[in-house]
1. Pairs only if they're at least six apart or on different chains, beta carbon under 9 angstrom, first in the range 39-54 and closer than 18 Å to Gly146 by Cα, second open to solvent by 10 Å² or more (accessible area, probe 1.4 Å) and among the polar types (S, T, N, Q); list them, first residue then second.
2. From (1) part of a loop (DSSP other than H, G, I, E, B); (2) open to solvent by 70 Å² or more (accessible area, probe 1.4 Å); (3) of a type outside the set (Val, Ile, Thr), pick out the condition that doesn't hold for Asn207.
3. Can you pull out every residue in the range 252-297 that is farther than 24 Å from Glu378 by Cβ, outside any helix (DSSP H, G or I) and touching an Asp or Glu at 6+ places or on another chain (Cβ under 7 Å)?
4. Just one of (1) open to solvent by 40 Å² or more (accessible area, probe 1.4 Å); (2) under 23 Å from Arg275 (Cα atoms) trips up Ala56, so point out which.
5. So, in the range 104-131, exactly how many residues are at pLDDT 95 or above and at positive phi?
6. Considering only residues of the range 227-251 that are in a loop (DSSP other than H, G, I, E, B) and more than 18 Å from Leu388 (Cβ to Cβ), which is most open to solvent (accessible area, probe 1.4 Å)?
7. What are the residues in the range 389-425 that are over 24 Å from the mean Cα position of the chain (by Cα), within 30 Å of Cys78 (Cα to Cα) and without any contact (Cβ under 8 Å) to a residue 24 or more places away in the chain, if any?
8. Please give the number of the condition Val119 fails out of (1) open to solvent by 10 Å² or more (accessible area, probe 1.4 Å); (2) of a type outside the set (Lys, Arg); (3) outside any loop (DSSP other than H, G, I, E, B).
Amino acid sequence: MRLLYVLASYLLFAVLFPVLSLHRKTRHGLRQRLGFYAPGELPPRGPGPTFWMHGASAGDLLALSPMFGPLRARFPGCRIVLSTMTNSGYMMGKGRLAKQVDGVVYAPYDLWGATRRAVRAIQPELLVLEYTEIWPNLIRAARRAGGRVALTNGRFSPAHQGKYRLLFSLIGNPLRDMDLFLMRGEDEAERVLGLGAPGERVFVTGNTKFDALASADPVQESQEDEALRGALGLKEGERVWIAGSTHEGEEEHLLEVYRRLLEAHPDLRLVIAPRYIERAGRVVALAREAELSVGLRSKGNEEGGRVVVLDTIGELSRAYRLATLVFVGGSFTKRGGQNILEPAGQGKPVLFGPHMENFRDSVQVLVGRGGLQVKDAEQLYRVMSELLAKPETVTSLGELARGTVRQISGASQRNVEHMARALTP
């Protein structure tokens with residue numbers, strides 16, 4: 001059955017390679033994706049173990065980041081190598097996370113040869129996979145080389161359970177080759193057990209992304225806030241509405257809501273951060289069609305626009321700190337939502353639409369505790385109008401959101417303790 005997957009992966013790769021080579025998310029790093037590394041691309045080994053930590057995209061790497069500190073405290077001299085599949089993830093690793101890790105590479109394609117070359121080069125004592133990143137060839141390569149394999153923030157969609165079972169029955173169950181399943185919640189643990197994970201290896205530890213939101217350095221934050229405020233062309237004391245991680249089909253509605261809000265709140269500024277910065281030009285065009293002045297963060301909002309498009313990577317979390325109110329996108333479309341706990345952790349009331357299928361756990365945590373779900377743009381307008389008229393309510397909701405995030409932190413330390421036990425002979 002394993003041979004079937006090996007052959008199928010090469011066949012599928014041959015079919016998809018033209019798309020992978022041209023797609024904006026995956027067209028860079030071909031050599032590393034095939035498991036080849038030039039001199040200096042990988043850090044030298046240290047006296048401690050090597051942790052290869054993989055997250056598919058930028059957001060996944062941020063969810064892994066709260067474990068870096070506890071790992072270094074628990075394993076002095078350890079080496080942390082990040083891998084990612086997307087260009088935005090690679091830029092995040094090389095930029096915002098560079099000082100916290102020892103190396104950043106593109107993840108190998110899940111091909112028999114590429115994964116074995118990558119494992120031989122990186123030599124991980126522990127391969128840490130994020131969410132649902134189950135790559136059978138990579139898992140097998142790490143195990144055959146003597147490494148351990150862990151899944152963190154584990155989640156398996158209930159809608160796809162049947163598909164997982166069918167796939168695993170055809171190719172051999174890769175979950176049996178894994179040493180640790182560190183799941184986000186009891187329901188996720190039940191699902192992974194139902195897929196064949198050994199019960200003694202499954203633990204509920206929570207979600208590390210909560211830890212990333214609870215930690216902060218006030219001095220550093222203040223300096224970053226002022227720099228970003230200037231780059232966005234915002235003035236001290238201005239009220240700011242930030243629409244984060246927006247998708248195609250959402251900005252038109254948000255801009256119309258903003259136009260209506262300006263009638264009663266002419267001092268309000270709008271910052272839109274599209275989920276994919278390649279869409280920045282499209283958002284600018286939409287703002288102009290709505291007869292709103294608009295500027296780009298990358299150009300320092302030289303136009304002095306009422307609307308600013310955040311067209312840079314890795315600054316959205318910082319931008320949330322400047323907000324009065326936040327709307328998180330992907331929720332007025334059927335993309336399944338985006339991270340609503342990030343702005344909540346910054347002490348901001350968070351509004352979001354009806355489509356939050358990928359973040360149900362976050363919705364359960366936040367609704368009624370600083371999070372406000374609206375059904376459409378009309379309700380968004382009404383709720384925002386009420387909040388902008390009651391600044392004391394905005395403040396109290398923000399503090400409630402921040403406190404909620406702090407109460408659910410601690411998964412990173414729990415994960416590291418389980419990893420330590422897995423590495424003990």
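The values are calculated or read from the model by the stated rules, or taken from the named source; none is laboratory data. The shown structure was predicted, so the numbers you read here are calculated from the model rather than taken from an experiment. Note: ideal-geometry Cβ built from the backbone for every residue, glycine included; neighbour counts use all protein chains shown. In case anyone asks, the SASA skips ligands and DNA or RNA and just uses the protein heavy atoms, side chains included. Shrake-Rupley method; radii C 1.70, N 1.55, O 1.52, S 1.80 Å.
1. What qualifies is Arg45/Gln123; Thr50/Gln123; Trp52/Gln123.
2. Condition (2) is where Asn207 drops out.
3. Result: Ser293, Gly295, Leu296.
4. (1)
5. 1
6. Just the residues of the range 227-251 that are in a loop (DSSP other than H, G, I, E, B), to begin with: 233-239, 247-250.
Filter once more, keeping what is more than 18 Å from Leu388 (Cβ to Cβ): 233, 236, 247-250.
Numbers: Gly233: 29, Glu236: 134, His247: 8, Glu248: 92, Gly249: 31, Glu250: 0 Å².
Among those that are in a loop (DSSP other than H, G, I, E, B) and more than 18 Å from Leu388 (Cβ to Cβ), it is Glu236.
7. Arg421, Thr424, Pro425, listed by residue number.
8. Evaluating Val119 over (1) open to solvent by 10 Å² or more (accessible area, probe 1.4 Å); (2) of a type outside the set (Lys, Arg); (3) outside any loop (DSSP other than H, G, I, E, B) leaves (1) as the failure.
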